[in-house]
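Report on one structure; see the data block that follows.
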């Protein structure tokens with residue numbers, strides 16, 4: 001796990017789980033995800049990706065001072081700009097605006113979930129069966145590895 005400051009008040013823990021990176025603010029000595037603002041979430045993920053405000057601004061077609069104002073929650077971006085920021089940070093707009101505390105950073109996983117949802121029911125059931133089998137297999141391996 002890596003630690004870096006989100007701001008003067010909230011240090012952040014970054015944990016790598018397989019191909020998925022999760023970040024959680026450390027608040028009052030307890031590791032938990034709390035209701036962060038749009039700006040705090042942008043700052044968190046921009047820093048995780050080791051992007052400067054200037055880098056992010058260039059990718060979304062705005063200026064670094066504007067990104068700074070978004071991060072300080074002084075102004076809110078248009079929906080089009082929020083979508084560009086979310087895409088560059090590899091998160092959903094829903095997550096950035098606080099509509100979801102669940103973070104799915106892996107865009108490939110999100111695409112696979114959407115593809116599964118589009119399958120006929122019979123095919124979905126097959127996919128769920130194999131997913132459940134793989135999860136059960138991994139949980140069993142972990143349970144016996146710890147003994």
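The values are calculated or read from the model by the stated rules, or taken from the named source; none is laboratory data. Quantities reported herein were computed from a predicted structural model and do not represent experimental measurements. Every residue, glycine among them, receives a Cβ derived from its backbone with ideal geometry; neighbour counts consider all protein chains shown.
Out of (1) surrounded by fewer than 12 Cβ atoms within 10 Å (Cβ to Cβ); (2) modelled with pLDDT under 95; (3) more than 13 Å from the chain's Cα centre (by Cα), the odd one out for residue 61 is which? Just one mismatch for residue 61, condition (2). Do we find a residue being farther than 21 Å from residue 35 by Cα and free of Cβ contacts under 8 Å to residues at least 40 places away in the same chain anywhere in region 89-106? The answer is no, given that none of the residues of region 89-106 is farther than 21 Å from residue 35 by Cα and free of Cβ contacts under 8 Å to residues at least 40 places away in the same chain.
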